[in-house]
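Report on one structure; see the data block that follows.
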Amino acid sequence: MRKFEENQLVIASHNKGKLREIAALLTPFGIKVSSAADHGLDEPEETENTFVGNARIKAHYAAKATGLPALSDDSGITVDALNGAPGVFTADWAETPDGRDFPMAMTKVWSLLEEKSAPEPRTCAFNCTLVLAWPDGHDEVFEGKVNGRYVWPMRGYQGFGFDPVFLPDGETETFGEMDPARKHDMSHRADAVSYTHLTLPT
(Lines give C-alpha, C1' and ligand atoms only; values in the text may rest on other atoms or scores of the structure.)
Protein backbone atom coordinates (compact mmCIF):
# COMPACT_ATOMS: atom_id res chain seq x y z
CA MET A 1 0.00 0.00 0.00
CA ARG A 2 1.31 3.44 -0.89
CA LYS A 3 1.70 5.64 2.19
CA PHE A 4 0.33 9.15 2.19
CA GLU A 5 3.34 11.37 2.96
CA GLU A 6 2.12 14.73 1.68
CA ASN A 7 0.75 17.47 3.92
CA GLN A 8 -2.02 18.70 1.60
CA LEU A 9 -5.15 16.87 0.56
CA VAL A 10 -8.21 17.78 -1.49
CA ILE A 11 -11.50 16.38 -0.23
CA ALA A 12 -13.32 15.59 -3.46
CA SER A 13 -16.81 16.50 -2.34
CA HIS A 14 -19.27 19.39 -2.39
CA ASN A 15 -21.39 17.86 0.41
CA LYS A 16 -20.97 20.14 3.42
CA GLY A 17 -21.82 17.39 5.90
CA LYS A 18 -19.22 15.02 4.46
CA LEU A 19 -16.64 17.80 4.26
CA ARG A 20 -17.17 18.66 7.90
CA GLU A 21 -16.89 15.05 9.08
CA ILE A 22 -13.87 14.12 6.96
CA ALA A 23 -12.01 17.32 7.88
CA ALA A 24 -12.62 16.61 11.57
CA LEU A 25 -11.32 13.05 11.21
CA LEU A 26 -8.15 14.27 9.46
CA THR A 27 -7.39 17.21 11.78
CA PRO A 28 -5.31 15.16 14.29
CA PHE A 29 -2.92 14.13 11.50
CA GLY A 30 -1.84 17.69 10.72
CA ILE A 31 -3.02 17.51 7.11
CA LYS A 32 -4.03 20.75 5.41
CA VAL A 33 -7.34 20.02 3.69
CA SER A 34 -9.23 21.89 1.02
CA SER A 35 -12.46 21.07 -0.77
CA ALA A 36 -13.31 20.58 -4.42
CA ALA A 37 -15.24 23.85 -4.24
CA ASP A 38 -12.16 25.67 -2.90
CA HIS A 39 -10.48 24.78 -6.20
CA GLY A 40 -13.48 25.77 -8.31
CA LEU A 41 -14.16 22.19 -9.42
CA ASP A 42 -17.49 21.01 -10.73
CA GLU A 43 -18.99 17.74 -9.54
CA PRO A 44 -18.17 14.94 -12.01
CA GLU A 45 -20.99 12.70 -13.14
CA GLU A 46 -21.22 9.56 -11.03
CA THR A 47 -21.89 6.84 -13.60
CA GLU A 48 -21.01 3.69 -11.64
CA ASN A 49 -23.35 1.45 -9.65
CA THR A 50 -20.91 0.70 -6.82
CA PHE A 51 -19.54 2.83 -4.00
CA VAL A 52 -15.94 2.22 -5.07
CA GLY A 53 -16.68 3.04 -8.71
CA ASN A 54 -18.18 6.43 -7.93
CA ALA A 55 -15.55 7.21 -5.30
CA ARG A 56 -12.83 6.57 -7.87
CA ILE A 57 -14.46 8.94 -10.37
CA LYS A 58 -14.49 11.77 -7.83
CA ALA A 59 -11.02 11.19 -6.41
CA HIS A 60 -9.21 10.91 -9.75
CA TYR A 61 -11.08 13.90 -11.18
CA ALA A 62 -9.97 16.11 -8.28
CA ALA A 63 -6.40 14.80 -8.20
CA LYS A 64 -5.92 15.36 -11.93
CA ALA A 65 -7.50 18.83 -11.85
CA THR A 66 -5.54 20.11 -8.85
CA GLY A 67 -2.25 18.23 -9.06
CA LEU A 68 -2.73 17.24 -5.41
CA PRO A 69 -3.71 13.97 -3.73
CA ALA A 70 -7.48 13.76 -3.37
CA LEU A 71 -9.71 11.83 -1.03
CA SER A 72 -13.27 11.01 -2.03
CA ASP A 73 -16.13 9.40 -0.18
CA ASP A 74 -19.02 7.47 -1.62
CA SER A 75 -21.42 6.26 0.98
CA GLY A 76 -25.00 5.33 1.68
CA ILE A 77 -27.43 3.34 3.75
CA THR A 78 -28.27 -0.27 2.91
CA VAL A 79 -31.51 -1.67 4.31
CA ASP A 80 -31.61 -5.45 4.55
CA ALA A 81 -35.38 -5.84 4.03
CA LEU A 82 -35.08 -3.77 0.81
CA ASN A 83 -32.32 -6.01 -0.57
CA GLY A 84 -29.68 -3.40 0.19
CA ALA A 85 -31.53 -0.40 -1.24
CA PRO A 86 -31.09 2.52 -1.47
CA GLY A 87 -27.36 1.75 -1.22
CA VAL A 88 -25.22 3.50 -3.81
CA PHE A 89 -28.32 5.45 -4.87
CA THR A 90 -29.00 6.90 -1.39
CA ALA A 91 -28.54 10.52 -2.49
CA ASP A 92 -30.57 9.90 -5.66
CA TRP A 93 -33.58 8.88 -3.56
CA ALA A 94 -33.49 12.38 -2.05
CA GLU A 95 -33.29 14.29 -5.34
CA THR A 96 -36.07 16.73 -6.23
CA PRO A 97 -36.26 19.55 -8.79
CA ASP A 98 -35.45 21.92 -5.90
CA GLY A 99 -32.51 19.99 -4.47
CA ARG A 100 -32.14 17.08 -2.07
CA ASP A 101 -34.95 16.35 0.36
CA PHE A 102 -33.75 13.73 2.85
CA PRO A 103 -36.90 13.74 5.02
CA MET A 104 -38.76 12.74 1.85
CA ALA A 105 -36.21 9.98 1.16
CA MET A 106 -36.36 8.66 4.72
CA THR A 107 -40.16 8.60 4.52
CA LYS A 108 -39.98 6.70 1.23
CA VAL A 109 -37.78 4.01 2.77
CA TRP A 110 -40.07 3.71 5.78
CA SER A 111 -43.15 3.46 3.56
CA LEU A 112 -41.56 0.65 1.57
CA LEU A 113 -40.72 -1.20 4.78
CA GLU A 114 -44.31 -0.81 5.93
CA GLU A 115 -45.66 -2.04 2.58
CA LYS A 116 -43.52 -5.17 2.93
CA SER A 117 -44.51 -5.57 6.60
CA ALA A 118 -40.80 -5.96 7.26
CA PRO A 119 -40.26 -7.48 10.71
CA GLU A 120 -38.43 -5.69 13.48
CA PRO A 121 -35.62 -5.07 13.97
CA ARG A 122 -35.32 -3.46 10.55
CA THR A 123 -31.60 -3.92 10.21
CA CYS A 124 -29.46 -1.68 8.04
CA ALA A 125 -25.94 -0.34 7.76
CA PHE A 126 -24.14 2.82 6.81
CA ASN A 127 -21.37 2.03 4.31
CA CYS A 128 -18.46 4.22 3.31
CA THR A 129 -15.83 3.75 0.63
CA LEU A 130 -12.90 6.17 0.63
CA VAL A 131 -10.59 6.44 -2.36
CA LEU A 132 -7.27 8.24 -2.00
CA ALA A 133 -5.93 9.12 -5.44
CA TRP A 134 -2.67 10.70 -6.53
CA PRO A 135 -2.14 12.84 -9.65
CA ASP A 136 -0.08 10.02 -11.23
CA GLY A 137 -3.22 7.82 -11.32
CA HIS A 138 -2.46 5.54 -8.36
CA ASP A 139 -5.18 5.03 -5.77
CA GLU A 140 -5.86 3.20 -2.53
CA VAL A 141 -9.31 2.04 -1.38
CA PHE A 142 -10.57 1.92 2.22
CA GLU A 143 -13.99 0.67 3.30
CA GLY A 144 -15.90 1.24 6.51
CA LYS A 145 -19.24 0.12 7.89
CA VAL A 146 -21.42 0.58 10.95
CA ASN A 147 -24.42 -1.65 11.61
CA GLY A 148 -27.72 -0.62 13.12
CA ARG A 149 -31.44 -0.53 12.58
CA TYR A 150 -33.91 1.74 10.85
CA VAL A 151 -36.18 3.49 13.38
CA TRP A 152 -39.27 5.63 13.04
CA PRO A 153 -40.19 8.42 13.51
CA MET A 154 -37.10 10.46 12.67
CA ARG A 155 -35.16 11.43 15.75
CA GLY A 156 -32.77 14.35 16.18
CA TYR A 157 -31.47 17.28 14.20
CA GLN A 158 -27.72 16.62 14.29
CA GLY A 159 -25.83 15.17 11.37
CA PHE A 160 -27.25 14.99 7.87
CA GLY A 161 -28.76 12.60 5.35
CA PHE A 162 -30.32 9.50 6.92
CA ASP A 163 -28.82 10.13 10.38
CA PRO A 164 -32.20 10.71 12.13
CA VAL A 165 -33.43 7.17 11.34
CA PHE A 166 -30.19 5.25 11.96
CA LEU A 167 -29.77 3.73 15.41
CA PRO A 168 -26.31 2.12 15.73
CA ASP A 169 -26.11 -1.30 17.37
CA GLY A 170 -25.80 -1.03 21.13
CA GLU A 171 -26.79 2.66 21.25
CA THR A 172 -29.90 4.49 22.48
CA GLU A 173 -29.46 7.59 20.32
CA THR A 174 -29.71 7.85 16.55
CA PHE A 175 -26.91 9.53 14.63
CA GLY A 176 -29.32 12.46 14.37
CA GLU A 177 -29.51 12.77 18.16
CA MET A 178 -25.89 11.98 18.94
CA ASP A 179 -23.25 14.55 19.78
CA PRO A 180 -21.24 15.03 16.57
CA ALA A 181 -17.95 14.12 18.26
CA ARG A 182 -19.39 10.82 19.47
CA LYS A 183 -20.80 10.06 16.03
CA HIS A 184 -17.42 10.82 14.42
CA ASP A 185 -15.77 8.27 16.70
CA MET A 186 -18.01 5.40 15.58
CA SER A 187 -19.19 6.34 12.10
CA HIS A 188 -18.64 4.44 8.87
CA ARG A 189 -16.25 7.23 7.82
CA ALA A 190 -14.23 6.88 11.01
CA ASP A 191 -14.09 3.13 10.39
CA ALA A 192 -12.81 3.68 6.83
CA VAL A 193 -10.25 6.29 7.93
CA SER A 194 -8.92 3.84 10.54
CA TYR A 195 -7.69 1.61 7.70
CA THR A 196 -5.70 4.37 5.98
CA HIS A 197 -2.78 3.99 8.42
CA LEU A 198 -2.25 7.74 8.57
CA THR A 199 0.34 8.67 11.17
CA LEU A 200 0.13 11.38 13.77
CA PRO A 201 2.67 14.21 13.43
CA THR A 202 5.66 13.96 15.72
(request) Between beta-carbons, use under 12 Å as the cut-off and find the net charge around Arg2, counting Lys and Arg +1, Asp and Glu -1. (result) -4
(request) Calculate what fraction, in whole %, of the accessible area of region 102-146 sits on carbon and sulfur atoms when a 1.4 Å probe is rolled over the protein chains. (result) 54
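Could you provide, to the nearest whole Å², the per residue accessible area of the chain with probe 1.4 Å?
For the chain, the solvent-accessible area averages 51 Å² per residue.
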(message) Probe radius 1.4 Å, ligands and nucleic acids ignored: give me the carbon and sulfur share of the accessible area of region 1-70 as a rounded percent.
(response) 46
(message) Compute a Gaussian network model of the chain, connecting alpha carbons closer than 10 Å, and tell me which residue from Ser187, Ser34, Ser117 fluctuates the most.
(response) Ser117
(message) Tell me the label only: which of [x] 1.33; [y] 1.02; [z] 0.98 is Cα Rg over 2.2 N^0.38 Å as calculated from this structure?
(response) [y]
(request) Determine which lysines satisfy two conditions relative to Lys16: a Cα distance under 25 Å, and not lying fewer than 8 residues away in the same chain. (result) Lys32, Lys58, Lys64, Lys108, Lys145, Lys183
(message) Per residue of region 112-118, what does 6.51 cos²θ - 1.76 cosθ + 1.60 with θ = phi - 60° give for ³J(HN,Hα)? Whole Hz please, x for Gly and Pro, Karplus curve as stated.
(response) 5, 5, 5, 4, 7, 6, 4
(request) Could you work out, for region 104-202, what percent of all Cα-Cα pairs fall into each 10 Å distance bin, beginning at 0 Å and stopping at the bin that holds the largest distance? (result) 15, 39, 28, 14, 4, 0
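Kindly identify region 17-105 as rounded, prolate or oblate by the Cα gyration tensor criterion: order the square roots of the eigenvalues as a ≥ b ≥ c, call it rounded if a/c is under 1.5, otherwise compare a/b with b/c, prolate if a/b is larger, else oblate.
The shape class here is prolate.
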(message) How much of the DSSP bridge set in the chain is antiparallel, in percent, rounded to the nearest 5?
(response) 80
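Region 1-82: which trypsin sites (Lys or Arg not before Pro) are DSSP loop and have at most 13 other beta-carbon atoms within 10 angstrom?
Arg2, Lys3
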(message) What do you get for trypsin sites (Lys or Arg not before Pro) in region 79-146 restricted to DSSP loop and a cutoff of at most 16 other Cβ within 10 Å of the site's Cβ?
(response) Lys116
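For Trp134, Trp110, give the ranking by accessible area with the largest first, probe 1.4 Å. Show your work: numbers first, answer last.
Values: Trp134 15, Trp110 40 Å².
Reading off the accessible areas and sorting them downward yields Trp110, Trp134.
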(message) Using Cα springs under 10 Å in a Gaussian network model of the chain, which residue among Phe166, Phe142, Phe29 shows the largest mean-square fluctuation?
(response) Phe29
(request) Show which aspartates and glutamates lie in cross-link reach of Lys116 when reach means a straight Cα distance below 15 angstrom and same-chain residues fewer than eight apart are skipped. (result) Asp80
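The values are calculated or read from the model by the stated rules, or taken from the named source; none is laboratory data. Because the structure is predicted, anything quoted here is derived from the model rather than measured. Cβ sites come from the backbone with ideal geometry, for glycine too, and all protein chains shown count toward neighbours. These accessible areas exclude ligands, DNA and RNA; they are computed on the full protein's heavy atoms, side chains included. Shrake-Rupley method; radii C 1.70, N 1.55, O 1.52, S 1.80 Å.
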